[in-house]
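Coordinate-derived values only; no laboratory data. Computed from a prediction, not measured in an experiment: that's the story for all the values here. Cβ placement follows ideal geometry from the backbone for every residue including glycine, while neighbour counts extend to all protein chains displayed.
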Ligand SMILES: CC(C)(COP(=O)(O)OP(=O)(O)OC[C@H]1O[C@@H](n2cnc3c(N)ncnc32)[C@H](O)[C@@H]1OP(=O)(O)O)[C@@H](O)C(=O)NCCC(=O)NCCS
C-alpha cells in the first residue's frame, strides 16, 4: 500500500515527494519554525542533502506511512507544512507522529486537524498498534497538539545533546496513543473527512 492522498475539512494531504522540495526548503528557512528542533534555520543544502532523503523513504511508502505535504483545500497553492507518521525502526507496529507548519498557518487548529487524520489512517488503514510523538518539554504548542489528538504523556527524559538548545535541561517528553485507546476515543470535533 502506498501513502494515499488524505483530506480533512480544510487540508489536502499529499504524499511528500521530491516535487515538494522548494516548499520544504522555504519552511526550514524560518528559524522560528525550527526553534525547538534545531534552534536555527537550515540552509538549502542541509534540507536537500541531509534531511529530505530520510523523509522520502520508499520502505515507509510501501507500508502506507511516511510524510505528507499539506495544502489549504480552498487555495491549492497554499502550502501549510508537513505531517508525518514516520517509520519506527525499533517497532514495526508503531510510527512516530510529527508536524511542522509554516508560521502563517499557526493558531488555526490546522496541526491538530491534520494529525488526527494521520492517526486515523495509521490505525484504521495501516493497522498500527501504537503512535507516539516526542518533543522538548518547552515546546508547549506541540504538546497541546498531542493532547488534542488523544495522545497521553508516557515518559520524560533529559538527553545528552552535543549542542543543547535552550530548555534542553528541562528534558524531552514522549506521548503515545494505542490502538485500543484510539478505538475508544471520542473526538470532540468532526474535523476528519475522506
Ligand atoms: C506546534 C505547532 C505544530 C502548532 O500548530 P498549530 O496549527 O498552531 O496548532 P493548533 O492550532 O492545532 O493548536 C492546538 C492547541 O495547541 C495550542 N498551541 C498551539 N501553539 C501553541 C504555543 N506556541 N504555545 C501554547 N499553546 C499552543 C493551541 O492553543 C491549541 O489549543 P486550544 O485549542 O486549547 O487553544 C506549530 O506551531 C509548529 O509547526 N511549530 C514549529 C514546528 C514544531 O515545533 N513542531 C513540533 C515538533 S515536535
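If R0 is taken as 45 Å, the Cβ-Cβ distance between residue 74 and residue 174 corresponds to a FRET efficiency of 0.80. Take the convex hull of the alpha carbons in segment 82-124; its mean projected area over all directions comes to 3.1 nm². A full extension of the chain between residue 163 and residue 129 corresponds to an added length of 8.8 nm, given 0.36 nm per residue minus the alpha carbon distance. Debye-formula intensities of the chain, expressed as log10 I(q)/I(0) at q = 0.11 Å⁻¹, are -0.47 (one equal scatterer per alpha-carbon, no solvent). Mean separation of Cα pairs under 8 Å and 6 or more residues apart, divided by the residue count, gives the chain a relative contact order of 20 percent. What the pair-distance distribution of segment 28-114 shows, using all Cα-Cα distances binned every 10 Å from zero, is 15, 43, 36, 6 percent. For segment 100-193, the convex hull spanned by the alpha carbon atoms encloses 121 Å³ per residue.
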